[in-house]
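Okay, structure first, notes after.
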Amino acid sequence: MKRSRHLMKAVRRRILILCEGQTEKNYFQAIKEDPEFKQQLLAVHPQVMVGKYPSPDLLVNQAIDIARKAKAEGNSYDKIWVVFDHDNHPHRTNAYKSAEKEGFSIAFSSIAIETWYLLHFKQVGKPFQSADHLTKEYKLHYPTYQKAKQNDYSFLKNRLPEAMTNAKWLRSQLTEPVKHVTDCNPWTDVDILVEELIGEMNIFTP
């Protein structure tokens, strides 16, 4: 895809992106390593949470611990993102509220990160019962997809403008009141984090 003529704002702040799963960590690590953005993302640190049974509440607790340790060492993060999914986790809402209380930014997907991937191909308005149902639909567009085993960002990069447009469209469809964003399905705001990292993606001409 062609670059916009507008210069993208460089990201120089020290940023932690703590992810619940390896799939998300791989995605943001691939953005960081993209030669197009590598220099501006030197201070960005994608990590995956430690634990045999990851969950949103444990993710937020680890982010708090990492932030405190970094501050004690005199190397504080300027911003912390936590990245997690709905995935029918019972504690997702409490985790979201805890992250907000700590001042963390949150990239949330429902029912899983594949919602963001699927939006690279089409508008998605129907709910998914599970990540397996969502992945099955995504494979209609990416038949060889294997979770956490390939560079999803590289495969999807040329479709980023469409994905960002579709993600904004999806959030605009929320017209009925809901208890909390973590009860929305489908949903994603991963595009907000992506845009913060690499700048607003204009509609590129192939």
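Within the range 163-206, take every residue that is of a type in the set (D, E, K, R) and over 23 Å from Glu20 (Cβ atoms) and give me the one that is modelled with the highest pLDDT. Out of the qualifying residues, it is Lys168. One residue alone among Lys32, Lys38, Lys25 is closer than 16 Å to Leu197 by Cβ and either at pLDDT below 95 or polar (S, T, N, Q) (or both), and that residue is Lys38. On inspection, His120 qualifies as modelled with pLDDT of 95 or more, within 19 Å of the chain's Cα centre (by Cα) and of a type outside the set (Ser, Thr, Tyr).
Which members of the range 63-105 meet the condition of being part of a loop (DSSP other than H, G, I, E, B), of a type in the set (S, T, N, Q) and under 18 Å from the mean Cα position of the chain (by Cα)?
Asn88
In the set (1) out of contact with any Ser or Thr (no Cβ under 8 Å at 6 or more places or on another chain); (2) small (Gly, Ala, Ser); (3) closer than 25 Å to Thr182 by Cβ, the condition left unmet by Ala148 is number (1).
For every residue, the table says whether it meets (1) over 26 Å from Trp169 (Cβ atoms); (2) at pLDDT below 95.
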{"position": "Tyr77", "(1), (2)": "yes, no"}
{"position": "Ile80", "(1), (2)": "yes, no"}
{"position": "Val83", "(1), (2)": "no, no"}
{"position": "His86", "(1), (2)": "no, no"}
{"position": "Ala112", "(1), (2)": "no, no"}
{"position": "Asp132", "(1), (2)": "no, no"}
{"position": "Gln146", "(1), (2)": "yes, yes"}
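Taking the condition crowded, with 18+ Cβ neighbours inside 10 Å and touching a residue at least 40 places away in the same chain (Cβ under 8 Å), does Leu156 pass? It is false that Leu156 is crowded, with 18+ Cβ neighbours inside 10 Å and touching a residue at least 40 places away in the same chain (Cβ under 8 Å).
Yes/no matrix, rows are residues, columns are (1) among the hydroxyl-bearing types (Ser, Thr, Tyr); (2) under 22 Å from Leu160 (Cα atoms):
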position	(1), (2)
Gln22	no, yes
Met49	no, no
Tyr77	yes, no
Ser98	yes, no
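Please indicate, with yes or no, whether at least one residue in the range 16-27 is part of a helix (DSSP H, G or I), of a type in the set (A, V, I, L, M, F, W, C) and farther than 23 Å from Gln146 by Cβ. Checked against the condition, which is being part of a helix (DSSP H, G or I), of a type in the set (A, V, I, L, M, F, W, C) and farther than 23 Å from Gln146 by Cβ, the range 16-27 yields no hits at all.
Listed residues Ala148, Ala131, Ala99, Ala95; which is on the phi > 0 side of the Ramachandran plot, surrounded by 13 or more Cβ atoms within 10 Å (Cβ to Cβ) and not acidic (Asp, Glu)? So that I can check it myself, show each step before the final result.
Details: Ala131 fails: on the phi > 0 side of the Ramachandran plot; Ala99 fails: on the phi > 0 side of the Ramachandran plot; Ala95 fails: on the phi > 0 side of the Ramachandran plot.
Only one candidate passes the filter, namely Ala148.
The values are calculated or read from the model by the stated rules, or taken from the named source; none is laboratory data. Predicted, not measured: the structure shown is a model, and the values here were computed from it. We place every Cβ from the backbone using ideal geometry, glycine too, and count neighbours over all the protein chains shown.
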